[in-house]
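Chemist: Pasting in a structure now, in structure tokens, and then I'll have a few things to ask.
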Ligand code: HEC
């Protein structure tokens, strides 16, 4: 009986957590729209890639690399280093999930 209750509580907490991070990502993504478009469908100024074409793993990796690896990225990398600065790795993963889930465009 007791175990059931603990498991139910744990499931509830995990569920609430992922909902919260999806909602946070939606809010955080508003900062990206000015350069990447409302659906991550634009090539950012000075950039070369449409973020919406990247896979979920590519998005997670590139966002975290901008945060941890100074050498990562193209000639505009300094712009993105500044953008990812306020976010934790969890926030960046949630942003990647959000972009992929809502806006993904298949590369032709
Ligand atoms: C001031 C404009 C600007 C803002 C705001 C901005 N970006 Fe970028 N982003 C760029 C530029 C420019 C590049 C290309 C950087 C390079 O040369 O490495 C880029 C690159 C990226 C990339 C790598 C692939 C690609 O699309 O070029 C991802 C993913 C990305 N940005 C996501 C985000 C997310 C998520 C946010 C919001 C938290 C954000 N960006 C905010 C300008 C911006």
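The values are calculated or read from the model by the stated rules, or taken from the named source; none is laboratory data. Just so you know, these numbers come straight off a predicted model, no measurement behind them. Quick reminder, even Gly has a Cβ in these numbers, built from the backbone with ideal geometry, and neighbours come from all protein chains shown.
Matching residues to (1) free of Cβ contacts under 8 Å to residues at least 24 places away in the same chain; (2) more than 17 Å from residue 50 (Cβ to Cβ):
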| position | (1), (2) |
| --- | --- |
| 71 | yes, yes |
| 76 | no, no |
| 81 | yes, yes |
| 85 | yes, yes |
| 88 | yes, yes |
| 93 | no, yes |
| 100 | no, no |
| 107 | no, no |
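Chemist: Could you tell me which residue of segment 38-60 is nearest to the ligand (Cβ to nearest atom), considering only residues that are crowded, with 19+ Cβ neighbours inside 10 Å and part of a loop (DSSP other than H, G, I, E, B)?
Modeler: 44
Chemist: Out of everything in segment 70-103 that is more than 16 Å from the chain's Cα centre (by Cα) and more than 6 Å from the ligand (Cβ to nearest atom), what residue ends up being surrounded by the fewest Cβ atoms within 10 Å (Cβ to Cβ)?
Modeler: Taking the candidates together, the pick is 71.
Table: residues versus (1) in contact with a helix residue (DSSP H, G or I) (Cβ under 7 Å, 6 or more places away or on another chain); (2) in a helix (DSSP H, G or I); (3) modelled with pLDDT under 95.
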site	(1), (2), (3)
62	no, yes, no
66	yes, yes, no
71	no, no, no
74	no, no, no
97	yes, yes, no
100	yes, yes, no
108	no, no, yes
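Chemist: Being free of Cβ contacts under 8 Å to residues at least 24 places away in the same chain, more than 6 Å from the ligand (Cβ to nearest atom) and under 13 Å from the mean Cα position of the chain (by Cα) is the requirement here; does residue 23 meet it? Step through it out loud before you land on a result.
Modeler: Numbers: free of Cβ contacts under 8 Å to residues at least 24 places away in the same chain: yes; more than 6 Å from the ligand (Cβ to nearest atom): yes; under 13 Å from the mean Cα position of the chain (by Cα): yes.
In short, yes.
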